Amino acid sequence: MAETMQFKTELKQLLNLIIHSLYSHKDIFLRELISNASDAIDRVRFQGLTDASVLEDNSDWKIKLIPNAAEGTLTISDNGVGMSRETIVEHLGTIARSGTREFLDSLRAADAKDRPELIGQFGVGFYASFMVADRVKVVSRMAETSPLPASGEGPGLRGTTGVKWVSEGQGDFTIEPCTKPTRGTDVILHLRDDCKDFLNQNRLHQLVKKYSDFVEHPIVMDIENDGTTVEDVLNARKAIWLRNKNEISEEEYTEFYKHLAHDMNPPARTIHYKAEGQIEFKALLYVPAKKPFDMMWGESKKGLHLYIQRVFILDDCETLLPPYLRFVRGVVDSPTLPLNVSREILQQSAPLEKIKSNLTSKVLNTLEEMKRNDFEKYVDFYRELGVFLREGAYQDFENKKKLAELLLFESTKTDAGKLTSFADYAERMPGDQTDVYYLAGESREVLEQSPLLESFKAKGWEVLFLTDPADEFVVDSLHEYKGKHLKAIDKAGVETGAVSDEVKARFQPLCDYFKEKLADIADARLTNRLKESAVCLVADEHALSASMERLMQRMQRDRPMPVAKRILEVNPDHPLVQALEKMLADDKNDPRLEKRARLLYDQAVILEGSKVKDPLAFAQRLNELLLGSATV
Ligand code: ADP
Ligand code: MG
């Protein structure tokens, strides 16, 4: 006799909300039921390890989908652990989770559009069935651990009495004994009229591929093939990330990468590991060698695939890695996370944060290892994807040091087109050098012309060339490398030596003269950083550099920003400077003085890669000089 029982009130209300809120997500019922079936198999398989009798010679593990068009039913059948009358009532008649009440309250209070997230966070599980079915029948027989039945019934022949649970999800369910010849559970869904597409074999196949492809146990379906019926396995069952590293070939890793990343090229690095401790997970990550195809135009797919116990959850879990590592592809599988975590919860869950920092370190360490052991390959990678590392060095405060190690630049000591790192730079530093020097600009060719390099070259002090527009922001934000200051050589205060007091005294009037006559400079100072050049312009120590200023101006064309006045540095060893000093000492009203001062200044403007303010006046002064006019 069937007995009618009431759902617990909470469940009744919850079912209603689930059905109405999750309607557009109804696909997920299949993944939930398959995941339950898979869990049930795992459980009986585990019991079988200590008590083989529970297996009843029925350990050909299988999850079978049986669409029945005539009946309008879809059955999900497993030979897992099954349920007794008690467990069915307990598990399918109540929600035995703590906090259900509070959850319901928050659900009711929430905006309709936020409900799916909340429900996902809570976990719908079995009740997802009611999103597609107006009646759900569960027929189950539990694995028996009792002694074998009386003689005559032979081993493997157990009682055939199972239990049948039926509900329309409206508030009550019936439960009665029934005949169930084999161990396990059949969930029979009477599909709603508008959900009959779940009878379609192709659709089912697609859903299995999408959500459950890597379920360990075979998910099968009978397929008509030339008049004969064959049982087809729908899932690939290759949870490659769960397998042992040493059992997986390079080809298998590469194939999986290609499948995952839609990339034709093999990855630059494969990272496969297992984390244990507070939070458990397995990760299989790939560092692409080439910029992923979908990152070329806009960024469609980002993030890793998240699995929870082989059950697919999300294919673009952005929160597993910091944004700048969005080029990394892969899978993370954690048994510690609640199944059905919602996107919302993924934004702020503490375990995810832990996974994220673990994955981030792993990726950065791998890149560092690649840089150390496989520099050529790393350089290729850097040329393709270095832009993301620069972004990281700027954004990721926590991993600043690691990211600094990963940056590459050309320098005065590399051949054109060759790159070097801070570490190599530091290695080459002569004993008398304490800081790390750099100069930013458009290209190596332009930078190599800079008069600012002269004294550095003479001293054998290397200068890094920052030619990517982002380089300067990044290096600026790093401030230091292993305690050595990172200094732009086009800023005041960067000296390779000191000017003697005697020289200072002699040239001070000339500096004062420059400052008085040249309105565009903030100051004129003596320097010994120049060798061949007479003068150069530098930015104030705390001001933007020339290249940064040009960059900013390009970025906000319509809103011109005030240009900070530069400092004119004067080389007292230069014959031109010495001649002017003499001219000034002889007759401070000599008409040639001011014109020459202007020419020198314009020259310095050109040398720093900027434009002279008044090209016509510049050309005229130059022509006069070329013609040998007595007044220039
Ligand atoms: P969860 O899987 O998160 O526990 P579900 O709502 O999906 O939540 O399932 C509730 C419970 O019902 C399960 O924990 C399990 O005990 C039982 N159950 C559901 N489906 C099956 C099945 N196919 N075989 C055995 N037990 C099942
Ligand atoms: Mg479940």
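For segment 494-587, which strands (runs of 3 or more DSSP E) that fit wholly inside it have 1 or more residues that are touching a Ser or Thr at 6+ places or on another chain (Cβ under 7 Å) and not assigned by TED's automatic domain parsing to the domain that holds Glu462?
566-570
Look at Ala110 and say whether it is at pLDDT below 85 and away from ligand 1 (no atom under 14 Å from the Cβ).
Yes: the conditions hold for Ala110.
Suppose we filter Glu90, Glu3 for residues that are open to solvent by 40 Å² or more (accessible area, probe 1.4 Å) and within 10 Å of ligand 1 (Cβ to nearest atom); which single one remains?
The conditions single out Glu90.
Six or more apart or on different chains, Cβ under 8 Å: which pairs go from a residue in segment 261-288 that's more than 14 Å from Gly330 (Cα to Cα) to one that's open to solvent by less than 10 Å² (accessible area, probe 1.4 Å)? Could you list them?
Asn265/Pro288; Ala275/Phe281; Ala275/Ala283; Ala275/Ile355; Ile279/Ser334; Ile279/Ile355; Glu280/Ser334
What's the number of the only condition in (1) over 20 Å from Ser212 (Cβ atoms); (2) within 15 Å of ligand 2 (Cβ to nearest atom); (3) within 38 Å of the chain's Cα centre (by Cα) that Met83 fails to meet?
Every condition holds for Met83 apart from (3).
Which residue is surrounded by the most Cβ atoms within 10 Å (Cβ to Cβ), if the candidates are limited to segment 479-493 and must be touching a Phe, Trp or Tyr at 6+ places or on another chain (Cβ under 7 Å) and under 28 Å from Asp602 (Cβ atoms)?
Restricting to residues being touching a Phe, Trp or Tyr at 6+ places or on another chain (Cβ under 7 Å) and under 28 Å from Asp602 (Cβ atoms), the top hit is Ala488.
Cβ-Cβ below 6 Å, separation at least six or inter-chain, first residue in segment 90-103 and at pLDDT 65 or above and assigned to a helix (DSSP H, G or I), second open to solvent by 30 Å² or more (accessible area, probe 1.4 Å) and within 16 Å of ligand 2 (Cβ to nearest atom): which pairs?
If the second residue must be open to solvent by 30 Å² or more (accessible area, probe 1.4 Å) and within 16 Å of ligand 2 (Cβ to nearest atom), the pairs left are Phe103/Phe122.
Of the residues that sit in segment 121-140 and are modelled with pLDDT of 95 or more and within 10 Å of ligand 1 (Cβ to nearest atom), which one is surrounded by the fewest Cβ atoms within 10 Å (Cβ to Cβ)?
In this case the residue turns out to be Val138.
Quickly run through segment 451-478 and pick out the residues that are buried (at least 17 other Cβ atoms within 10 Å of the Cβ) and aliphatic (A, V, I, L, M).
Across segment 451-478, the qualifying residues are Leu452, Leu453, Val463, Leu464, Leu466, Val474, Val475, Leu478.
Does Leu408 meet the test of being surrounded by 15 or more Cβ atoms within 10 Å (Cβ to Cβ) and within 30 Å of the chain's Cα centre (by Cα)?
So Leu408 passes the test.
Looking at segment 577-590, which of its residues are surrounded by fewer than 16 Cβ atoms within 10 Å (Cβ to Cβ) and closer than 19 Å to Asn528 by Cα?
Once the filter is applied, which keeps residues that are surrounded by fewer than 16 Cβ atoms within 10 Å (Cβ to Cβ) and closer than 19 Å to Asn528 by Cα, segment 577-590 yields only Ala579.
For Met1, only one of the following conditions fails: (1) in contact with a helix residue (DSSP H, G or I) (Cβ under 8 Å, 6 or more places away or on another chain); (2) modelled with pLDDT under 85; (3) more than 25 Å from Leu74 (Cβ to Cβ). What is its number?
Answer for Met1: the failing condition is (1).
Based on what the data block shows, is Ser59 farther than 20 Å from Ile119 by Cβ, more than 15 Å from ligand 2 (Cβ to nearest atom), in contact with a Pro (Cβ under 9 Å, 6 or more places away or on another chain) and assigned by TED's automatic domain parsing to the domain that holds Val124?
Against the criterion (farther than 20 Å from Ile119 by Cβ, more than 15 Å from ligand 2 (Cβ to nearest atom), in contact with a Pro (Cβ under 9 Å, 6 or more places away or on another chain) and assigned by TED's automatic domain parsing to the domain that holds Val124), Ser59 does not qualify.
Among residues belonging to segment 164-207 that are within 16 Å of ligand 1 (Cβ to nearest atom) and aliphatic (A, V, I, L, M), point out the one that is surrounded by the most Cβ atoms within 10 Å (Cβ to Cβ).
Step by step, filter segment 164-207, then rank; the result is Leu189.
The rows are residues; the columns are (1) open to solvent by less than 40 Å² (accessible area, probe 1.4 Å); (2) among the hydroxyl-bearing types (Ser, Thr, Tyr); (3) out of contact with any Phe, Trp or Tyr (no Cβ under 6 Å at 6 or more places or on another chain); (4) away from ligand 1 (no atom under 12 Å from the Cβ).
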position: Tyr23; (1), (2), (3), (4): no, yes, yes, yes
position: Asp39; (1), (2), (3), (4): no, no, yes, no
position: Leu49; (1), (2), (3), (4): no, no, yes, yes
position: Val54; (1), (2), (3), (4): yes, no, yes, yes
position: Leu65; (1), (2), (3), (4): yes, no, yes, yes
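Which members of segment 591-632 meet the condition of being under 19 Å from Ala524 (Cα atoms), open to solvent by 70 Å² or more (accessible area, probe 1.4 Å) and not in a helix (DSSP H, G or I)?
Scanning segment 591-632 gives a single hit, Lys613.
The values are calculated or read from the model by the stated rules, or taken from the named source; none is laboratory data. The structure displayed is predicted, hence computed values, not measured ones. Glycine gets a Cβ as well: all are built from the backbone with ideal geometry, and neighbour counts include every protein chain shown. Please note that ligands, DNA and RNA were not included when accessible areas were found on the heavy atoms of the full protein model with its side chains. Shrake-Rupley method; radii C 1.70, N 1.55, O 1.52, S 1.80 Å.
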